[in-house]
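Note sheet for the following structure.
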Amino acid sequence: MAAQLDKIVFHVKAGTMEDKTERLVDLTGYLAEMCGAPDEARKHALEAARLAKADQVSIMVREFADLEGVMGETYALMEGHHPEVARAIREQFLPDAAGGAVPVTLPGALLATAEKVDNIAAAFACGEPPSGSKDPYGLRRAAAGMVAIAMQHGLRYNAESLLDRAYDRLEHFPGLVDRGTVIPEAVAFILERLAKTLTDGGL
């Protein structure tokens, strides 16, 4: 299924799900390195990133979109992948609501953070950041999720460096907003979520 992801469009300006998978693998590895993740967790996170979108090719997910990630975990377990790899595939979308549960596993935390960073970087680069009350890609939730995951797992990383790395993997697509605009705006967007989380917590 992973080999067929070049047939599914992620975004008309940001390539296919195969392109997104390559970005996820790169971002997950880069994040694991920045955070000093143990070798085993890094290895499981990279394998989960490679398989993260594979279930989108399945009939089950095409018919029942809410099963995205759930079926990925199931297929990975059926094929004998390590349980942490399978769990991380399912956890990539967490937290799926404000105040929702964050990934339990470290591989899941790394992959979920990479997923959110790629979505934010791609949307800003494609000229589609949230505006007013409009947030069609759920980017405010994604940024808040990054903060929640970092706090829960004690992840320390430079958000600007991570976004810069994400843009590196996008810049070969034509017609994107300039890096000099995208990175500062996306960093500020994520730090706004951090500030809100801290003030909501009484700080």
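The values are calculated or read from the model by the stated rules, or taken from the named source; none is laboratory data. Keep in mind it's a predicted model, so treat the numbers as computed, not measured. Reconstructed Cβ throughout: ideal geometry from the backbone, glycine too, with neighbour counts over all protein chains shown. Just the protein is used for accessible areas: all its heavy atoms, side chains included, with ligands, DNA and RNA removed. Shrake-Rupley method; radii C 1.70, N 1.55, O 1.52, S 1.80 Å.
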>> Checking the conditions here, which among Arg90, Arg50 is in contact with a helix residue (DSSP H, G or I) (Cβ under 6 Å, 6 or more places away or on another chain) and either hydrophobic (A, V, I, L, M, F, W, C) or closer than 15 Å to Arg23 by Cβ (or both)?
In response: Arg50
>> Among the numbered criteria (1) open to solvent by 20 Å² or more (accessible area, probe 1.4 Å); (2) without any contact (Cβ under 8 Å) to a residue 60 or more places away in the chain; (3) within 21 Å of Glu33 (Cα to Cα), which one does Ala195 miss?
In response: (3)
> Within region 161-188, can you find the residues that are part of a helix (DSSP H, G or I), touching a residue at least 40 places away in the same chain (Cβ under 8 Å) and among the hydrophobic types (A, V, I, L, M, F, W, C)?
Replying inline: Leu162, Leu163, Ala166, Val182, Ala186
>> Quick test for you: out of Ala186, Ala148, Ala143, pick the one residue that is farther than 19 Å from Gly29 by Cβ, open to solvent by 10 Å² or more (accessible area, probe 1.4 Å) and small (Gly, Ala, Ser).
In response: Ala148
> Would region 108-122 turn up any residue that is open to solvent by 20 Å² or more (accessible area, probe 1.4 Å) and either touching a residue at least 60 places away in the same chain (Cβ under 8 Å) or under 18 Å from Glu22 (Cβ atoms) (or both)?
Replying inline: yes
> For region 165-183, which residues satisfy the criterion of being of a type in the set (D, E, K, R) and exposed (fewer than 15 other Cβ atoms within 10 Å of the Cβ)?
Replying inline: Glu171, Asp178
> Which of the residues that make up region 102-160 are in a helix (DSSP H, G or I) and among the hydroxyl-bearing types (Ser, Thr, Tyr)?
Replying inline: Thr113
